[in-house]
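Structure, as structure tokens:
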Amino acid sequence: MDAFLFYVAIATLVVWVAIGVELAVGNRSIRFLKDVSRQQHPPEPAVSVIIPARNEERNLKEALASILQQDYGDFEVIAVNDRSTDRTGAILDGMAGDNPRLRVVHLTELPPGWLGKNFALHCGAQQATGNLLLFTDADVIMRPSTLRRAVGYMEAREIDHLAVAPEVRMPGMLLKMFVVAFCIFFSLYARPWKAKDPKSRRFVGIGAFNLIRNDVYRVVGTHQAIAMRPDDDMKLGKLIKRGGYRQEFLFGTGMMHVEWYASVRELVDGLMKNAYAGVEYRASVIIGASAAQLVLNVWPILALLLTQGETRALNAAAVLVMLAICGDAARFLGPSRWYAIGFPIATLLFIYIMWRSMLTALLKGGVNWRGTRYSLAELKANKV
């Protein structure tokens, strides 16, 4: 057993060093939107900003106001009230009365074969007149030059799809720790720095900021092609990349931010709808990923107490490398690097979310999200 744990420690350290090199190089190859020039060369393409909103009264006013205050010349905002039961509809109507750029669409029913958010995005896009479509969320707050910088970068680089990750802000130590861990998990899952490589099969999509050419959006099938995908943002990116179009990923830290979730319960409920879908409803992936995360992210901490000698030293080195990597990755999306110390705890929370997502879908035969139930058979049938 001692020999086995010794070789596990060596393997863990080697894997973490390899991860560190890839993340350090990959993240540093991605630009920050704040570093992009705000200078725009005419003609500016018209932009339609599409915002789905279901029961978003908490952050809606501030987020929508920040979008309406963009220092961009030709843009419209289409806000889609998706069957809200709170004051979302009234807030949207009140703001529309004061700003001619804003149009509000009220949905009262959800047709069969659609997720609510996806149908709202689809309806908004059908009314859009812009050359570019920006799909964003009702809680994303942007600085005034965000749209100008993004469009300028997109036009200069002749990109068809630009995804920008916002700075993520959440209250409480555990949630901040989870943000750091999620940055690592997302980066290792998506390798977003590879999305711009036409030879790579990697793709990316960010629900908070997906800027897409209108004609490309139509050609790849619109949201109708991903009508039942909970991971609609990533799958829209996949459709675009698969169609042979150019996409790129930027960090939005310093230019846009979002309060992702306000509590641990919200976090668990919110990610549950995506976790099982994100691995294409394959239980084997959940099992394998959980085992790998326990060995790589949690065991080295325990091993400091349960092993000795060279094995303990190797695990200590693995822990130091792991925390250094997490701290370095944190700075790209905003949280303090000191929250990296909670990476093992956040890993356990993430594993819990994955398993709860899978077991809930399997045992209940579907997913409940924001008051609507979607059957697992329907969800699995929409393969992309």
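The values are calculated or read from the model by the stated rules, or taken from the named source; none is laboratory data. What you see is a predicted model; the values in this text were computed from it and never measured. Reconstructed Cβ throughout: ideal geometry from the backbone, glycine too, with neighbour counts over all protein chains shown. Remember, those area values only see protein heavy atoms, side chains included, never the ligands or the DNA or RNA. Shrake-Rupley method; radii C 1.70, N 1.55, O 1.52, S 1.80 Å.
At a glance:
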read-out	value
Solvent-accessible surface ranking, highest first, for Trp260, Trp193, Trp338 at 1.4 angstrom	Trp338, Trp260, Trp193
Summed side-chain charge close to Arg103 - residues other than Arg103 whose Cβ falls under 12 Å, Lys, Arg +1, Asp, Glu -1	-1
Full-stretch length increase - Leu305, Leu363 - with 0.36 nm per residue and alpha-carbon distance subtracted	17.1 nm
The stretch 122-175, dipole about Cα centre (Lys/Arg Cβ +1, Asp/Glu Cβ -1), debye to the nearest 20	200 debye
Heavy atoms of Trp369 accessible to a 1.4 Å probe, total area in Å² rounded to 10	70 Å²
Glu22 accessible area, 1.4 Å probe, all protein chains in place, Å² to nearest 10	60 Å²
Förster radius 41 Å - calculated FRET efficiency between Gln126 and Val298, Cβ distance, rounded to 0.05	0.30
Rh (Kirkwood; distinct C-alpha pairs) - the stretch 1-156, Å	18.3 Å
Value of Rg/Rh across the chain [Cα atoms, Kirkwood radius]	0.98
Local electrostatic count, Leu162, Cβ distance below 12 Å [Lys/Arg +1, Asp/Glu -1]	+2
Charge tally in the Cβ shell below 13 Å around Trp16, where Lys, Arg are +1 and Asp, Glu are -1, Trp16 excluded	-2
With Cα atoms, 0 to 90° folded angle of helix 283-293 axis to the chain main axis	60 degrees
Percentage relative contact order, the chain, counting C-alpha pairs under 8 Å, at least six apart	22 percent
Nearest-10 value in Å² for the accessible area of Met255, using the 1.4 Å probe	10 Å²
Residues of the stretch 137-153 with amide N under 19 Å of the 7 Å Cα→Cβ point at Asn99	137-151
List Asp232, Asp35, ordered by accessible area with a 1.4 Å probe, largest first	Asp35, Asp232
Between 0 and 90°, nearest 10: helix 232-242 axis offset from the chain longest Cα axis	90 degrees
